[in-house]
Amino acid sequence: MSWTPRERVLAALNHEEPDRVPIDLGATYASSIVVDAYDRLKVHLGLDHETEVLSKLLNLAKPDETVLQRLGVDTRPINAGPYEDGPNHWVDEVTYIDEFGVTYKGTTGTDDKHFLYKDGPFHGGKMTIDRIDAFDWPDADNPGLIRGVKEQVAAYKAAGDYCLVLNVPAQVIHRAYPMRGMENFFKDLYRNPEAACYLMDKLADYCIRASQNMIREAGAENVDIIFFGEDLGTQDGCMFDPEGIYARYIKPRHERIIQTLKADTGGKSVFHCCGSAYHFIPHLIDIGVDSLNPVQVTAKNMEPERLKGEFGDRLGFWGGINSQEVLPYCSADEVAAETQRCIDIFGKQGGYTLTSVHNIQFEVPPENIVAMFDQGLQHRYH
């Protein structure tokens with residue numbers, strides 16, 4: 001049998017073994033590559049094209065089709081367009097205000113070129129439902145969000161049978177942090193949960209409505225995967241009590257987003273959660289998550305053998321190639337060996353999609369990027 005990229009990914013998500021492990025690069029905002037690393041990769045591959053910036057705030061490149069073809073990538077992204085005619089604008093080269101009223105400032109004098117939030121509409125003072133309602137909320141029906149979606153999908157369909165991943169265009173707690181301030185939002189979850197939950201509901205409403213508009217534009221039958229999520233863990237543990245704050249307040253909002261969009265598309269759900277996701281995994285399975293990204297294998301309790309052994313029959317794994325130590329600092333041969341190790345563990349009886357733990361950062365040599373993906377291309381289940 002000759003497998004198409006879409007069949008390959010969906011078989012893995014259904015815990016079946018396709019011909020080889022499916023490969024992702026650039027289908028999500030957490031499995032792409034930063035601009036500097038991408039520019040070096042182009043040179044290494046002998047390719048000459050202008051780098052398209054996917055996100056200036058995240059310093060991400062949008063991989064060109066020539067790169068995706070060379071690396072055997074099975075996925076393609078469906079991304080929202082920029083919000084149009086709103087308050088969002090660049091103040092200067094290193095200062096951006098988004099449609100949610102959050103001010104971001106770029107880091108200077110560093111290689112990572114990240115932006116950090118500095119202010120938001122609910123920073124300071126007590127957060128109340130009246131204060132939340134009085135805010136001039138962005139419109140989930142903004143035409144900019146769906147601009148180009150139909151064309152993206154048509155181009156992918158013309159080029160091949162790829163697995164299409166819809167990136168939900170906002171988050172809940174990740175959006176609440178910059179709007180309220182992370183410390184204040186954490187306090188609200190304990191001291192002022194009614195207002196915190198109301199804010200999360202407003203954000204969940206936005207996520208669902210904006211995504212449904214994108215789905216209609218793309219055609220529900222063309223959306224294979226819903227990509228949504230936000231970090232619940234740190235390197236060493238949990239950001240929230242899994243059975244307390246998470247289960248009581250955050251989980252219902254996550255469940256509503258995932259269940260609504262899966263029902264709208266008939267697609268699968270890939271949930272992004274950096275850090276130690278271990279104690280949250282039963283909750284994620286409970287709300288309909290099909291695969292976990294980025295599988296931060298260096299975090300506490302995130303060893304591949306543990307994850308596959310305990311959850312592999314109910315959950316897929318999307319990522320897993322060590323980007324904190326192996327990808328940036330080991331040799332290409334060592335990268336290939338670690339890649340094969342993850343395929344052998346995570347990919348047994350299906351369930352695994354190969355990519356790095358989060359976006360490929362500027363320290364990663366192009367030889368190591370190629371070694372990772374070529375190892376996946378060489379893999380055969382049978």
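For residue 127, what charge total do you get from the other residues with a beta carbon under 11 Å from its beta carbon, if Lys and Arg give +1 and Asp and Glu give -1?
+2
Among 280-289, 188-197, what's the highest-first ranking by average C-beta atoms within 10 angstrom per residue?
Most protected by this proxy first, the peptides run 280-289, 188-197.
Please work out, to two decimal places, the log10 of the ratio I(q)/I(0) at q = 0.10 Å⁻¹ from a Debye calculation in which every Cα of the chain carries one identical scatterer.
-0.62
Once each part is reduced to its C-alpha centroid, what is the distance from region 215-255 to region 324-338 in angstrom?
Spelled out, the Cα-based centre of one part sits 30 Å from the other.
For region 78-179, take N as its residue count and report Rg(C-alpha) divided by 2.2 N^0.38 Å.
Taking N as the residue count of region 78-179, the ratio is 1.32.
Where does each of 149-156, 316-323 land if you order them by average Cβ count within 10 Å, highest first?
Result, highest mean Cβ count within 10 Å first: 316-323, 149-156.
Rounded to the nearest 20 debye, what is the charge dipole size of region 95-200 about its Cα centre when +1 sits on each Lys and Arg Cβ and -1 on each Asp and Glu Cβ?
Computed charge dipole of region 95-200: roughly 200 debye.
Could you pull out the pairs from 187/251; 42/113; 56/157; 56/187; 62/113; 202/262 whose alpha carbons sit more than 22 Å apart here?
Exceeds cut-off: 56/157; 56/187.
Would you work out the charge dipole size for region 52-141 about its Cα centre, treating the Cβ of every Lys and Arg as +1 and the Cβ of every Asp and Glu as -1, and quote it to the nearest 20 debye?
Magnitude of the dipole: close to 440 debye.
Excluding residue 314 itself, what net charge comes from residues whose Cβ is under 12 Å from its Cβ, given Lys and Arg +1 and Asp and Glu -1?
-3
Over all directions, how big on average is the projection of the convex hull of the alpha-carbon atoms in region 202-269, in square nanometres?
Mean projected area of the Cα convex hull: 5.1 nm².
So what does the Cα-only Debye profile of region 1-114 read at q = 0.14, 0.15 Å⁻¹, as log10 I(q)/I(0), no solvent term?
-0.74, -0.81
Taking Cα atoms, how many degrees apart are the long axis of helix 332-346 and the longest axis of the chain, rounded to 10 and kept between 0 and 90?
Helix 332-346 sits roughly 70 degrees off the main axis of the chain.
Give the percent of DSSP beta bridges with both residues in the chain that are antiparallel, rounded to the nearest 5.
In the chain, DSSP labels about 40 percent of beta bridges as antiparallel.
Under a 5 Å amide H to amide H cut-off, with H placed in plane at 1.01 Å, what residues pair with residue 119 once short-range neighbours are removed?
Answer set, sorted by chain and number: 103.
Region 236-382: D in µm²/s via Stokes-Einstein (Kirkwood Rh, Cα pairs, 25 °C, 0.890 mPa s)?
Roughly 153 µm²/s, to the nearest whole number.
How would you order 228-235, 217-224, 349-356, 169-176 from highest to lowest mean count of nearby Cβ atoms within 10 Å?
349-356, 169-176, 228-235, 217-224
With an 8 Å Cα cut-off and a minimum separation of 6 or more residues, compute the relative contact order for the chain in percent.
Over the chain, the number comes to 22 percent.
Return the Rg/Rh ratio of region 305-376 with Cα-based radii and a Kirkwood Rh.
So for region 305-376, dividing Rg by the Kirkwood Rh gives 0.98.
For every other residue with a beta carbon closer than 9 angstrom to the beta carbon of residue 162, add +1 if it is Lys or Arg and -1 if Asp or Glu, then tell me the sum.
With Lys, Arg at +1 and Asp, Glu at -1, the net is 0.
No lab work stands behind these numbers, since they all come straight from the coordinates. Just so it is clear, the model here is predicted, and its values are computed rather than measured. Using ideal geometry, Cβ is built from the backbone for each residue, glycine included, and neighbour counts are taken over all protein chains shown.
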